[in-house]
Amino acid sequence: SQQGEEDPQALSIQEGENATMNCSYKTSINNLQWYRQNSGRGLVHLILIRSNEREKHSGRLRVTLDTSKKSSSLLITASRAADTASYFCATDVRAAGNKLTFGGGTRVLVKP
Amino acid sequence: DVKVTQSSRYLVKRTGEKVFLECVQDMDHENMFWYRQDPGLGLRLIYFSYDVKMKEKGDIPEGYSVSREKKERFSLILESASTNQTSMYLCASRSRVSWGELFFGEGSRLTVL
């Protein structure tokens with residue numbers, strides 16, 4: 001089973017609105033990362049949050065991490081049509097070796 | 001600009017053919033990975049390598065093998081392609097030191113007829 005699972009699976013919003021997606025995981029992590037994937041392309045790294053951090057910002061992105069609940073959220077503020085993509089969380093578990101485990105992703109559609 | 005290059009964006013092969021997917025990175029990364037991506041299943045790790053000539057099985061290694069003869073190159077091999085191996089294949093790399101981000105290639109979409 002997957003370590004990280006995103007919720008919702010799909011999200012449709014109007015340009016200018018905020019988009020929030022969540023990621024839950026099962027085991028203790030070293031860090032958690034969020035990636036973006038445009039249709040038919042490779043993944044691009046967005047942000048990394050370490051297990052001892054609670055919140056991190058990068059431009060219009062805000063990521064939170066709650067290790068007690070084993071969950072993370074990604075907030076995209078003031079969304080743009082160009083934010084239309086799939087977003088994945090990935091967990092880095094030191095005990096699992098040097099590999100990341102990805103969730104199923106959230107498909108985000110931003111309507112102009 | 002850092003880069004992970006996958007040799008083929010689109011391939012069409014027949015059942016039973018041997019298939020090679022090549023991946024090259026120019027960042028001197030120790031770790032390289034092969035994932036496959038299927039709708040509704042996310043990315044699943046096939047194999048990874050943490051050094052030249054080293055390899056580790058991921059979550060779904062059956063039907064695949066890999067080769068890492070040089071640091072910059074990681075090849076995924078389908079010895080005898082089957083229709084259930086039709087998928088998007090993604091190569092990635094990262095530095096062993098940083099426990100940081102993965103850098104991905106653009107993907108190789110394989111169709112097995």
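The values are calculated or read from the model by the stated rules, or taken from the named source; none is laboratory data. Just so it is clear, the structure is predicted and the values come from calculations on it, not from any experiment. Virtual Cβ from ideal backbone geometry, glycine too; neighbours counted across all protein chains shown. In case anyone asks, the SASA skips ligands and DNA or RNA and just uses the protein heavy atoms, side chains included. Shrake-Rupley method; radii C 1.70, N 1.55, O 1.52, S 1.80 Å.
A few points about this structure:
- Count of region B:84-102 residues, restricted to those that are hydrophobic (A, V, I, L, M, F, W, C), facing chain A (nearest Cβ under 8 Å) and over 13 Å from B:TYR35 (Cβ atoms), is 1.
- Residue selected from region B:104-113 under the condition of a type outside the set (A, V, I, L, M) and part of a loop (DSSP other than H, G, I, E, B), by the criterion most open to solvent (accessible area, probe 1.4 Å): B:GLU106
- Matching residues, region B:37-62, being among the hydrophobic types (A, V, I, L, M, F, W, C), at the interface with chain A (Cβ under 10 Å from one of its Cβ atoms) and closer than 26 Å to B:MET27 by Cα: B:LEU43, B:LEU45, B:PHE48
- Here region B:10-44 is the region considered, the condition is being open to solvent by 30 Å² or more (accessible area, probe 1.4 Å) and at pLDDT below 90, and the residue that is farthest from the chain's Cα centre (by Cα) is B:GLY40.
- Considering the conditions (1) within 14 Å of chain B (Cβ to nearest Cβ); (2) not in a strand (DSSP E or B), A:SER86 is excluded by exactly one of them, (2).
- Residue in region B:1-9 that is within 10 Å of chain A (Cβ to nearest Cβ), modelled with pLDDT under 95 and loosely packed, with under 14 Cβ neighbours inside 10 Å present: yes
- For region B:4-39, the set of residues classified as over 13 Å from B:SER95 (Cα atoms) and outside any strand (DSSP E or B) consists of B:SER7, B:SER8, B:ARG9, B:ARG14, B:THR15, B:GLY16, B:GLU17, B:LYS18, B:PRO39, listed by residue number.
- Some residue of region B:63-83 being within 26 Å of A:TRP34 (Cα to Cα) and within 10 Å of chain A (Cβ to nearest Cβ): no
- Among the residues of region B:78-102, those identified as over 16 Å from A:GLY40 (Cα atoms) and open to solvent by 20 Å² or more (accessible area, probe 1.4 Å) are B:GLU79, B:SER80, B:SER82, B:THR83, B:ASN84, B:SER95, B:ARG96, B:VAL97, B:SER98, B:TRP99, B:GLU101.
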